[in-house]
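**Student:** Shown below is the structure under consideration.
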Amino acid sequence: MTMKVLGYAAKSAQVPLAPLEFTRRDPRPDDVVMEVLYCGVCHSDLHQARNDWGVSTYPLVPGHEVIGRVTAVGKDVTKFKVGDPAGIGCMVDSCRVCQPCKQGLEQYCEEGNVQTYNGVDRHDHLPTYGGYSQTIVASQDFVLKVPAGLDLKAAAPLLCAGITTWSPLRHWKIGKGSKVAVVGLGGLGHMALKLANALGAKVTLFTRSPSKEADARRLGAHHIVLSTDDKQMAATKGQFDLIIDTVPYVHDINPYMPTLNVDGTLVFVGFLGDLSPMLNTMPLILARRSVAGSCIGGIAETQEMLDFCAKHGIASDIEMINIQDINHAYERMIKSDVKYRFVIDMASLKA
Ligand code: NAP
Ligand code: ZN
């Protein structure tokens, strides 16, 4: 027995998203079934819908910033009951026994984590489908509790944009006195500003968009550098302990390297692929600087981030859309015209 579910899917890389009826499994003993209320729109959804990374399988139902209400639970579920608000982020399973999994680093599972969409379930080997849909089913161990006080709509983007920026901030031990910079003010960038500021860091934004300056200050930046202005770039030297680079497409990172402190790190969370132009190692060697990468965050760390956000009154700045507007939202995302995360009101799916 399976459930018929309505969602929105890309049927190939070349066509816009359109309605699709598909099936969800009935809950296994450890599964939680959720009615999807809200789903954030990540730039990864667009990359995957259009096969930018060359690994998409179709039909593809995107959505990994999922907030919903529990409608049913399997017999072994202890963490959730019917009626609870709950969240699902970018992954729904992992092997659970390898070293990274045991350390709470399920995103780095040696067998690969199971992505919320465009993944393959470890048990029935069927494709996973994301949150642009009426319901979703996942093991309770990969479902997050939504702390009281968080607005459900504005909490959705925390499940990817929030954790993806939180994890490097925590890994590189950002706190009072740290100096952090963020490249790109979109969904991930705006969460990075808020979270770094709340952790007590001095925060700088690198942006190509002069029009975003006032917003950046409101979101938590103390300083803004126009990355297209060579003078401003040259004046920013040897400052940052950590730069979080959220830019989705290939770009020159050489101008950012001298802005790092001795031992500073530039961590990629956005672009996936070969750098061009190539990276000059001179600024790395001369000040023991690093270039790194980071992928979402573990489940416990995601819960820690949600609890931190509830405690500090942090959530995403959102623009609500109907599911029928999703293709237009993608076009605006490509133009960097998002303030600062689209969230789909999934009630619109019934319209
Ligand atoms: P977004 O909302 O579209 O924001 C990206 C921002 O980057 C834009 O607002 C823009 O900021 C800047 N930008 C865009 N194109 C650029 C270009 N060609 N050159 C320079 N700057 C550019 O995207 P997002 O949802 O934050 O996602 C960002 C990236 O992170 C995507 O590639 C996504 O797939 C990836 N991602 C990775 C993880 C992970 O686990 N590592 C998780 C989630 C998402 P300005 O206007 O300020 O310049
Ligand atoms: Zn995402």
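**Student:** On a 24 Å Cα-Cα criterion, which of the cross-link pairs LYS145/LYS335; LYS4/LYS75; LYS237/LYS311; LYS75/LYS145; LYS194/LYS311; LYS79/LYS176 come out too long?
**Tutor:** Violating the 24 Å limit, Cα to Cα: LYS145/LYS335; LYS237/LYS311; LYS79/LYS176.
**Student:** Next up: Percent antiparallel among DSSP beta bridges with both residues in the chain, to the nearest 5?
**Tutor:** Once the DSSP bridges in the chain are tallied, antiparallel ones form about 55 percent.
**Student:** If the chain were replaced by its equivalent ellipsoid, with semi-axes equal to the square roots of 5 times the Cα gyration tensor eigenvalues, what would those be, largest first, whole Å?
**Tutor:** Gyration-tensor ellipsoid for the chain: 34, 21, 19 Å.
**Student:** In whole Hz, with x marking every Gly and Pro, tabulate ³J(HN,Hα) for the range 96-106 from phi via Karplus 6.51 cos²θ - 1.76 cosθ + 1.60, θ = phi - 60°.
**Tutor:** Rounded to whole hertz, the list is 6, 10, 6, 4, x, 4, 5, 8, x, 10, 4.
**Student:** Another question, then. With +1 on the Cβ of every Lys and Arg and -1 on the Cβ of every Asp and Glu, and nothing else charged, how large is the dipole of the range 1-71 about its Cα centre, in debye rounded to the nearest 20?
**Tutor:** With Lys and Arg at +1 and Asp and Glu at -1, about 180 debye.
**Student:** Another question about this same structure. Can you list the DSSP H helices in the chain whose Cα atoms extend at least 15 Å along the helix axis and whose mean Kyte-Doolittle hydropathy is -0.5 or higher?
**Tutor:** For the chain, where a helix must reach 15 Å along its axis and average at least -0.5, the hits are 161-171, 187-198, 299-312.
**Student:** As a check on your grasp of the helix formula, calculate [θ] at 222 nm for the chain: sum -39500 (n - 2.57) over DSSP H runs of n ≥ 4, divide by the residue count, round to the nearest 500.
**Tutor:** Calculated at 222 nm, the ellipticity per residue is -6000 deg cm²/dmol.
**Student:** Work out the charge dipole of the chain with +1 on the Cβ of Lys and Arg and -1 on the Cβ of Asp and Glu about the Cα centre, then indicate which of THR207, TYR132, CYS98 is farthest towards its positive end.
**Tutor:** THR207
**Student:** About the Cα centre of the range 86-206, how large is the charge dipole given +1 on each Lys and Arg Cβ and -1 on each Asp and Glu Cβ? Please answer in debye to the nearest 20.
**Tutor:** Dipole size: approximately 780 debye.
**Student:** Moving on to the next point. Take the alpha-carbon centre of the range 240-277, take the same for the range 172-221, and report the distance between them in whole Å.
**Tutor:** One Cα centre to the other: 15 Å.
**Student:** Order these by the 10 Å Cβ neighbour count, fewest first: HIS251, HIS43, HIS125.
**Tutor:** HIS125, HIS251, HIS43
**Student:** For the range 26-145, report the translational diffusion coefficient in µm²/s to the nearest whole number, using Stokes-Einstein at 37 °C, 0.692 mPa s, and a Kirkwood Rh over Cα pairs.
**Tutor:** This corresponds to a translational diffusion coefficient of 226 µm²/s.
**Student:** Towards the positive end of the charge dipole of the chain, with charges on Cβ (+1 Lys, Arg; -1 Asp, Glu), say which of THR164, GLY149, LEU37 has the farthest Cα.
**Tutor:** Result: GLY149, furthest along the dipole toward the positive end.
**Student:** Oh, and also: What's the Kirkwood radius of the range 29-72 in Å, using all Cα pairs?
**Tutor:** Taking every pair of different Cα atoms in the range 29-72, averaging 1/r and inverting gives 12.0 Å.
**Student:** Ratio of Rg to Rh for the range 1-52, alpha carbon only, Kirkwood?
**Tutor:** So for the range 1-52, dividing Rg by the Kirkwood Rh gives 1.04.
**Student:** Something else now. Quick one: what are the phi-derived ³J(HN,Hα) couplings along the range 209-223, Karplus 6.51/-1.76/1.60 with θ = phi - 60°, whole Hz, x for glycine and proline?
**Tutor:** Karplus values, whole Hz, x for Gly and Pro: 10, x, 5, 8, 4, 5, 4, 4, 5, 4, 7, x, 7, 8, 8.
**Student:** Still on this structure: Charges at C-beta only: +1 for Lys and Arg, -1 for Asp and Glu. How large is the resulting dipole of the chain about its Cα centre, in Debye rounded to 20?
**Tutor:** The dipole magnitude comes to about 720 debye.
Just so you know, all these numbers are worked out from the coordinates, no wet-lab data involved. Worth saying up front: this structure is predicted, and the values here are computed from it rather than measured. Counting neighbours? That spans all protein chains shown, and the Cβs are built from the backbone with ideal geometry, glycine included.
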